[in-house]
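Written out below as structure tokens is the structure these notes cover.
The values are calculated or read from the model by the stated rules, or taken from the named source; none is laboratory data. None of these values were measured; they are calculated from a predicted model. Cβ placement follows ideal geometry from the backbone for every residue including glycine, while neighbour counts extend to all protein chains displayed.
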Amino acid sequence: MPPLLVLIVAVLAVTYAGPVIRFTAAPAVAIAFWRLALVLPVTFALSRSESRRSLDRASLLLMVLSGLLLAVHFWTWIASLRFTTVASSVLLVNLRPIFVWAIAAAWLHERPGPRERWGIALAVLGATLIGVGDARASLGALGGDLLALAGALAAAGYSVIGRRVRQTIGVWRYVNLVYGVAALSLGVIALVGRAPLTGFAAGDWAVFAALAAGPMLVGHTGMNYALKHFRATTVNVAGLGEPVGATLIAWLVPAIHEVPSVTALAGGAMVIAGIALSLSERPGA
């Protein structure tokens with residue numbers, strides 16, 4: 001399948017993560033743990049078909065770090081949804097293209113081309129407009145916003161490491177180890193914090209399964225696949241389609257019904273235009 005098509009499908013798959021989390025009252029760490037743990041049997045089985053050559057120490061350490069950052073990303077972002085709206089949370093966590101730009105330039109010496117720079121600026125501005133009318137002045141909302149921002153920083157590190165390691169490691173082998181480390185880390189956090197990982201209602205398990213099947217297995221794995229073929233900035237600016245989709249879903253689902261403002265809708269159009277402009281840049285080698 002063409003890398004661009006994989007990336008588009010991956011972005012579509014992650015759009016419903018924010019809204020669907022609203023349908024469970026399970027602790028954030030439990031949601032994040034099961035989102036990862038439920039995909040591991042699949043990633044393990046598929047990773048066995050890839051090259052079994054031993055990993056060098058540097059790659060192994062980077063993959064472990066990537067898994068730890070992914071755990072932090074999920075934990076903080078999912079927790080943020082308890083204190084702020086879907087649009088604000090997804091907006092802030094998707095400011096990560098800016099952080100990715102800085103990290104990738106400093107570490108990988110990769111910088112977006114002219115079209116992509118304009119695309120990033122347009123998409124981030126549009127994503128900002130999505131959240132402007134959604135902002136709420138309260139300490140609770142501020143705490144949620146800070147958690148989402150922490151999730152953005154962690155996601156940026158996770159993505160840039162993926163761009164580096166995926167040049168030599170197959171996607172299934174990569175995600176199997178990274179998702180496994182992330183799940184283990186979240187399990188330890190749950191144990192230390194005495195957060196339950198079992199005893200949930202059928203509806204909660206349905207949410208866990210939905211998150212694992214779409215946003216995780218298709219979404220995150222698809223983006224990790226794309227990291228071999230596109231710069232980390234390109235993959236992450238494409239990911240800004242998530243707040244657009246999440247906002248529309250949160251509007252259309254009656255149980256959530258967060259109505260976006262005209263400003264937010266205009267911002268969504270800008271995000272789509274920015275993504276298209278960024279993807280028109282020739283993929284980085």
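Of all the listed residues (186, 277, 211), the sole one being touching a residue at least 24 places away in the same chain (Cβ under 8 Å) and closer than 29 Å to residue 54 by Cα is 186. One residue stands out in segment 157-197 among those that are assigned to a helix (DSSP H, G or I) and among the charged types (D, E, K, R): the one that is surrounded by the fewest Cβ atoms within 10 Å (Cβ to Cβ), namely 164.
This table checks each residue for (1) assigned to a helix (DSSP H, G or I); (2) surrounded by fewer than 16 Cβ atoms within 10 Å (Cβ to Cβ).
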position	(1), (2)
244	yes, no
247	yes, no
250	yes, no
256	no, no
263	yes, yes
269	yes, yes
274	yes, no
281	no, no
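Restricted to segment 2-74, the set of helices (runs of 4 or more DSSP H) holding at least 1 residues that are more than 30 Å from residue 275 (Cβ to Cβ) comprises 28-37, 40-47. Checking each residue in segment 218-253 for being within 20 Å of residue 35 (Cα to Cα), within 13 Å of the chain's Cα centre (by Cα) and modelled with pLDDT of 85 or more picks out 218, 219, 220, 221, 222, 223, 224, 239.
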